[in-house]
Amino acid sequence: LVAGVECYPKFLPWCLECNITEREEGDVFYADLVVGYKIIKERFGSKVTLEHPHHIHVEYISGPMKYLSNHWKFSREDDGSCTIDFFVEFGFKSKLLQGLMGTFYHEIVQRMVTAFETRAKELYGANGLEQEVKSFDAR
């Protein structure tokens with residue numbers, strides 16, 4: 001679900017477009033993502049490294065940000081559930097975008113988490129889908 005970035009526009013709020021631009025040998029690919037809200041529309045590129053089955057790391061390549069780094073870690077629990085640890089750190093070049101993001105940050109995060117949860121239930125069913133966001137750290 002998380003590694004299928006080309007499907008993000010189907011369910012993720014504000015994600016207008018996502019294209020895989022290059023694949024390297026192994027589990028590394030490059031993706032361009034277009035996000036937008038009202039009059040703001042931005043494109044950024046990233047390098048995604050999949051370390052199956054427990055880790056996904058995303059490195060920022062280009063776009064409107066000063067920096068962006070995020071990773072997902074998945075841990076299988078004894079009861080069969082999966083705990084997800086998501087970390088993101090970012091900063092925008094534009095003071096306007098940084099200010100907007102700061103103002104609406106918690107709402108944006110909540111809507112995105114809900115979108116992933118809803119998509120997981122659609123794809124995998126609600127039975128046995130016990131996922132918890134263990135921690136979220138953003139600066």
Worksheet item: Under 29 Å Cα-Cα from residue 38, which lysines qualify once same-chain neighbours fewer than 8 residues away are excluded?
Response: 10, 47, 66, 93, 95, 121
Worksheet item: What percentage of the solvent-accessible surface of the chain, computed with a 1.4 Å probe over protein heavy atoms, is contributed by carbon and sulfur atoms?
Response: 52 percent
Worksheet item: Relative contact order, percent, of the chain when contacts are C-alpha pairs under 8 Å separated by at least 6 residues?
Response: 18 percent
Response to the item:
Label model pair residue 11, residue 76: point-to-point distance (7 angstrom along the Cα→beta-carbon line) in nm is 2.1 nm
Worksheet, complete the sentence: With Cα springs under 10 Å, the Gaussian network model of the chain assigns the largest mean-square fluctuation among 13, 53, 64 to 53
Discussion item. Over the chain, with the other protein chains present, what is the accessible area per residue in square angstrom, probe 1.4 angstrom?
Written reply: 64 Å²
Item to complete: For every other residue with a beta carbon closer than 10 angstrom to the beta carbon of residue 71, add +1 if it is Lys or Arg and -1 if Asp or Glu, then tell me the sum.
Response: -3
Worksheet item: Okay, helix-only estimate at 222 nm for the chain: each DSSP H run of n ≥ 4 adds -39500 (n - 2.57), divide by all residues, round to 500 deg cm²/dmol; what do you get?
Response: -8000 deg cm²/dmol
Discussion item. Could you compute the net charge surrounding residue 51? Neighbours are other residues with a C-beta less than 12 Å from the C-beta of residue 51; K and R count +1, D and E count -1.
Written reply: 0
Response to the item:
In a Gaussian network model of the chain with springs linking alpha carbons closer than 10 Å, the residue among 56, 108, 39 that fluctuates most is 39
Worksheet item: Within a Cβ distance under 11 Å of residue 30, other residues only, what is the Lys/Arg minus Asp/Glu net charge?
Response: -2
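The values are calculated or read from the model by the stated rules, or taken from the named source; none is laboratory data. Please read these numbers as outputs of a predicted model, since none were measured by experiment. Backbone-built Cβ (ideal geometry, glycine too); neighbour counts: all protein chains shown. Each accessible area value is taken on the protein alone, full model and side chains, heavy atoms only, with ligands, DNA and RNA left out. Shrake-Rupley method; radii C 1.70, N 1.55, O 1.52, S 1.80 Å.
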